[in-house]
Amino acid sequence: MTPDQFAEQYKANLPRIAAFIARRVDRSLVEDLCSDVFEIAYRKRDQAPQDTDREFGWLCQIAQNLINNHRRREVTSKKLVVALSVPVSSPSAESVVVQDLHIRECWNQLKPKQQQILAMVAFDEMSIKDVAMVLGIKPNAATVRLSRAREAFNKLLESKN
């Protein structure tokens, strides 16, 4: 594909690619993602389908890959924000728990993953759906993990009585 042919492809497909992307991500990202689509398409123009009917599908495939990458980065970013955030005005989950020695001893016997999910639900008041997103698991798996963590914590509390 020559640079002139690519320019023709760009003009013909830009509105449709922009609409494709706009239906899948926040509108503020459309321009940047469109730019990325055509940058990649230009670099890979030798791999572009010769059949003009398939050009749009090829560009959509590039766009979908970019959208998927963007979503993965968003999830990772949200996980990091949750993991690294420190409440400004409220005490941390650990400081609340350690107020009672008995509870602290039981809490410390839990596995880190059990502490994490219990803290997200009890102290951060996150929904199972949000917990699942943060942990990168399905909501059903988060529910099971929460149930098991609660059960383990309750057994530890009962054993200390």
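An ellipsoid equivalent to the range 3-83, defined through the eigenvalues of its Cα gyration tensor, has semi-axes of 27, 12, 10 Å when rounded to whole angstrom and sorted largest first.
Using a Förster distance of 45 angstrom, determine the FRET efficiency expected from the C-beta separation of F56 and S147, and round it to 0.05. Computed FRET efficiency for F56 and S147: 0.45.
FYI, it's all coordinate maths here, none of it is from the lab. In this text, all values refer to a predicted model and were calculated from it rather than measured experimentally. All Cβ positions, even for glycine, are placed from backbone atoms using ideal geometry, and neighbour counts span all protein chains on display.
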